[in-house]
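Each remark here refers to the structure printed beneath this line.
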Amino acid sequence: MALDPARTVAELRELRELTGDDNGAQRVAWTDTWERARGWLREKVASTGAVEEIDAAGNQWFTLEGGSAEASLVDADQKRPPVVRRAAAGKALLIGGHLDSVPNGGWLDGCLNVIAGVEVLRRIAEDGPPPVPVRLVNWADEEGARFGRSLFGSSAAGGSMRDQDELAKLNDRDGVSLPDAVGRYGVSLDRALDARSQLENAGAYLELHIEQGPVLESMDIPLGVVLGTFGVERSRVTFRGQAAHAGSTPMDKRRDALAGAAWLALEIRAIATQQGGVCTMGGVVTKPGIVTSVVETAECLLDQRNLDAGKLAAMLDAAKEASESAARKENVDVEWERIWNIEPILFDDTLIGLADEAIREVSGTSHRLPSGPLHDAAEVSRAGVPTVMLFVQSLRGLSHTKLEDTKPEHLELSVAALDTLASKTLNWLA
């Protein structure tokens, strides 16, 4: 069976009709709509003969077994005769993504990875047993849209999930607990880490994703290679001043906590620019929160990201210094609390090179760039599996909205690039 990238685009539209509405995609994990999407995927993969398994964390796997003795490997450029090599002892090629979406999400985020992987799986299956096992994975709850815990399935498989006690306390907006919600789909927090066995035989992991940003479009380039995912420092910064009457307190006598927060919100822009990262003041809650009172406390949520660990640490230090300077200016106090952090994840150099070759063969030009958003690929890489991602251009840089879009011809190129990379990686593993 020849690769048919146009079929991937058609199937993405089919999934949109099945699991979306006028507001966008509605495949929130641990819901009936998400389960409908998993059943739809099962039907699409059936013709390949791949064996399905749902692991202890709810991840959906489809496995094509590799040749037991010898396998014919065709060079990725298809210009030389097949090379017969003895199959490697079980190091599997993994291709993955996620079908779950945010509420009112886009039609490509996550699911492009999986549906493109289905097409690659079809092509490989038609060519005969691959030299090593090939596995397609649909990770469970990458988005964390319902309970706020992103990368659920991949962190369980990668072995980094260590927050089961905290997860057990989470409830959605309707009061349903996370353990009850995942339990409906056969998942227990006590056993979720059993999913680690799925990566024991992994030789490489490939993930295709829309960029979700404006870089490739601004360069008029359809495809790029991802160098890694940003490290993240997420902090709660609280400025404490003094509540006072808004009418009777002179401006030079005020201890306005919000003024301190405002200084920091402006300073983080220069900090991000200096270190080549990004900083976001994502929320400010003030108390007493009334128009007739000077703000006594301003609680801020700060997100800082960088691909370089040293620069990320410098950004954090600079923000703390800026907050202390702002506090002195406004005669207030400031406190810091780390909410969450993750180190930068750099992808495999060999796979980055193969991905760059694959993109150039398919589209003529390539670009290397980091990923600001986190992805399941980061958890797989943290687990020690050689990993790489491909990005395809996002129109207007939009994602997590029904306006999310990519040109059909670029989607087709991305499927072809993933398939070419899969061929190169199979040769590398064998």
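The values are calculated or read from the model by the stated rules, or taken from the named source; none is laboratory data. What you see is a predicted model, and the numbers here were worked out from it, not measured in a lab. As a convention, Cβ positions derive from the backbone with ideal geometry for all residues, glycine included, and neighbour counts pool all protein chains shown. Just so you know, the surface numbers come from the protein's heavy atoms only, side chains and all, with ligands and any DNA or RNA stripped out. Shrake-Rupley method; radii C 1.70, N 1.55, O 1.52, S 1.80 Å.
Quote the FRET efficiency, to the nearest 0.05, computed for W336 versus L266 with a Förster distance R0 of 25 Å and r equal to the Cβ-Cβ distance. Efficiency computed from Cβ-Cβ geometry: 0.90. Can you send over the carbon and sulfur percentage of the accessible area for the range 306-390, probe radius 1.4 Å, protein chains only? Answer for the range 306-390: carbon and sulfur cover 43 percent of the accessible area.
For the range 105-192, the solvent-accessible area of protein heavy atoms averages 35 Å² per residue (probe radius 1.4 Å; ligands and nucleic acids excluded). Taking label points 7 Å from Cα along the Cα-to-Cβ direction, L403 and D252 give a separation of 4.6 nm. Rounded to the nearest 20, the size of the Cβ-charge dipole of the chain about its Cα centre is 520 debye, with Lys and Arg at +1 and Asp and Glu at -1.
Taking the dipole about the Cα centre of the chain, with the C-beta of Lys and Arg at +1 and of Asp and Glu at -1, give me whichever of G39, A125, A422 is farthest to the positive side. So the residue we want is A422.
Backbone phi angles across the range 343-358, fed through the Karplus curve with coefficients 6.51, -1.76 and 1.60 (θ = phi - 60°), yield HN-Hα couplings of 6, x, 10, 9, 7, 5, 4, 5, 5, 4, x, 5, 5, 4, 4, 4 Hz in residue order; Gly and Pro are listed as x. Compute the distance in nm between two label points, each set 7 Å from the Cα along the Cα-to-Cβ direction, one at D127 and one at T273. Once both label points are built, they end up 4.8 nm from each other. Helical content alone sets the calculated 222 nm signal of the chain at -11000 deg cm²/dmol, taking -39,500 (n - 2.57) per DSSP H segment of four or more residues and averaging over every residue.
List the aspartates and glutamates whose Cα lies under 12 Å from the Cα of K169, skipping any in the same chain that are fewer than 8 positions away. Reachable aspartates and glutamates: D180. Between 0 and 90 degrees, the angle of helix 5-19 with respect to the longest Cα principal axis of the chain falls at about 50 degrees.
With Cα atoms as the point set, the chain shows a radius of gyration and Dmax of 23.9, 87 Å.
Between A272, A140, A25, the residue with the greatest mean-square fluctuation in the GNM of the chain (Cα pairs under 10 Å linked by springs) is A272.
Checking the Cα-Cα distances for K253/K287; K253/K329; K44/K91 against a 20 Å cut-off, the pairs over it are K44/K91.
Cross-link partners of K320 among aspartates and glutamates, defined as those whose alpha carbon lies under 14 angstrom from its own and excluding same-chain residues fewer than eight positions apart: E233, E267, D303, D333, E335, E337. Simple point charges give the picture: +1 on the Cβ of Lys and Arg, -1 on the Cβ of Asp and Glu, and for the range 160-306 a dipole about the Cα centre of about 640 debye.
If I take R0 = 25 Å and measure r between the Cβ atoms of D4 and S197 in this structure, what FRET efficiency does the formula 1/(1 + (r/R0)^6) give, to the nearest 0.05? Before the final figure, lay out the partial values.
Numbers: r = 34 Å, r/R0 = 1.34.
FRET efficiency, D4 to S197: 0.15.
Calculated accessible area for the range 233-296 comes out at 57 Å² per residue, all protein chains present (probe 1.4 Å; ligands, DNA, RNA ignored). Give me the one-decimal nm value for the distance between modelled label points at D317 and R36, 7 Å along each residue's Cα-to-Cβ direction. If labels sit at D317 and R36, their model points lie 5.3 nm apart. The stretch between D163 and R234 holds 23.9 nm of extra length on full extension. This uses 0.36 nm per residue minus the Cα-Cα distance.
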